[in-house]
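Everything below concerns the one structure shown next.
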């Protein structure tokens with residue numbers, strides 16, 4: 001009886017152990033299945049998120065022509081009315097120097113003198129020989145009637161006198177070249193010589209810059225240049241003096257466009273007191289007298305600078321980075337010279353994280 005009870009207890013214990021193992025196995029299987037389901041859900045969510053992130057949300061605008069007020073505003077640079085490099089025609093040592101950088105000299109004033117003593121001595125000798133030869137010719141002519149000389153001798157003497165006169169003129173020209181004179185009125189800049197130095201023919205001595213008058217060079221598109229006339233008054237500004245206004249006159253309208261399809265226009269103006277300096281940047285406002293319709297782009301769409309501009313063009317849900325050539329700025333817009341056509345869809349905002357070839361989602 002005791003043996004039976006012992007076996008019963010052992011069997012009951014074994015059954016409990018087996019049932020416990022079965023329960024634990026079921027719980028483990030259920031946990032594994034749940035983890036796989038959660039992992040799949042996370043991966044699907046991540047994949048969906050990644051797919052959504054590849055479509056960058058952007059705002060776009062359709063390129064078209066814009067109407068602008070009659071005023072054409074364009075930036076430019078003030079330049080000297082005249083600028084000339086002074087070149088030496090003489091050779092020798094500088095004995096006199098009358099200017100320094102910053103001096104204002106008048107046209108025809110002597111800038112420097114080169115040693116010309118040797119040339120003057122040669123000129124004096126040539127003049128003495130000429131006078132002697134002329135006296136000899138007079139005596140020969142008196143003897144011609146007596147048969148003492150021939151006509152050939154007289155002709156030779158006359159030719160000799162002409163050669164002497166030509167030599168004298170040459171020496172006088174060389175002496176005049178030893179005095180370097182100002183070819184224009186202007187301010188001395190970039191002086192490269194000093195008294196006691198040596199100059200040679202073709203050597204640059206200095207620059208003369210006339211800033212009593214200035215000219216601003218600007219470039220206009222074909223639509224704009226057709227509204228500008230020679231002699232037209234133009235309002236000018238200088239970046240350094242934002243509150244001051246200046247007035248210029250159109251002096252030149254180029255007949256040929258440059259490689260960027262823009263036309264050079266020069267505006268001249270007086271510069272009393274020299275308040276404006278050559279090289280300063282400014283703005284010219286042309287009063288065209290009527291409104292203009294120009295193909296334009298919002299400035300916010302530009303990637304990079306206006307001079308090296310690129311924009312993202314949306315085609316079939318993909319952003320294409322395209323280089324464009326821009327013209328003048330009109331407030332929040334800038335004119336388009338090339339690279340875009342009317343009807344192109346361009347990204348206006350959202351291009352910070354955008355890359356060429358990336359899919360986009362246009363938001364309204």
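What the table shows:
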| read-out | value |
| --- | --- |
| Condition check for residue 297: under 19 Å from the mean Cα position of the chain (by Cα) and within 20 Å of residue 219 (Cα to Cα) | no |
| Residues of the stretch 189-202 that turn out to be crowded, with 16+ Cβ neighbours inside 10 Å and either more than 22 Å from residue 80 (Cβ to Cβ) or free of Cβ contacts under 8 Å to residues at least 12 places away in the same chain (or both), as a count | 1 |
| Residue under evaluation residue 293, criteria (1) more than 15 Å from residue 330 (Cα to Cα); (2) surrounded by fewer than 16 Cβ atoms within 10 Å (Cβ to Cβ), criterion not met | (1) |
| Odd one out for residue 157, checked against (1) over 47 Å from the mean Cα position of the chain (by Cα); (2) surrounded by fewer than 18 Cβ atoms within 10 Å (Cβ to Cβ) | (2) |
| Residue within the stretch 222-229 that is at positive phi and not in a strand (DSSP E or B) present | no |
| Meets criteria (in contact with a helix residue (DSSP H, G or I) (Cβ under 8 Å, 6 or more places away or on another chain), surrounded by fewer than 11 Cβ atoms within 10 Å (Cβ to Cβ) and not assigned by TED's automatic domain parsing to the domain that holds residue 282) for residue 151 | yes |
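Okay, residues lined up against (1) touching a strand residue (DSSP E or B) at 6+ places or on another chain (Cβ under 7 Å); (2) surrounded by fewer than 16 Cβ atoms within 10 Å (Cβ to Cβ); (3) closer than 30 Å to residue 103 by Cβ; (4) assigned by TED's automatic domain parsing to the domain that holds residue 102:
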site: 206; (1), (2), (3), (4): yes, no, yes, no
site: 217; (1), (2), (3), (4): yes, yes, yes, no
site: 220; (1), (2), (3), (4): yes, no, no, no
site: 226; (1), (2), (3), (4): no, yes, no, no
site: 266; (1), (2), (3), (4): yes, no, yes, no
site: 273; (1), (2), (3), (4): no, yes, yes, no
site: 282; (1), (2), (3), (4): yes, no, yes, no
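The values are calculated or read from the model by the stated rules, or taken from the named source; none is laboratory data. Just so we're clear, the structure is a prediction, and the values are computed from it rather than from any experiment. Don't worry about glycine lacking a Cβ; one is built from the backbone with ideal geometry, like all the others, and counts go over all protein chains shown.
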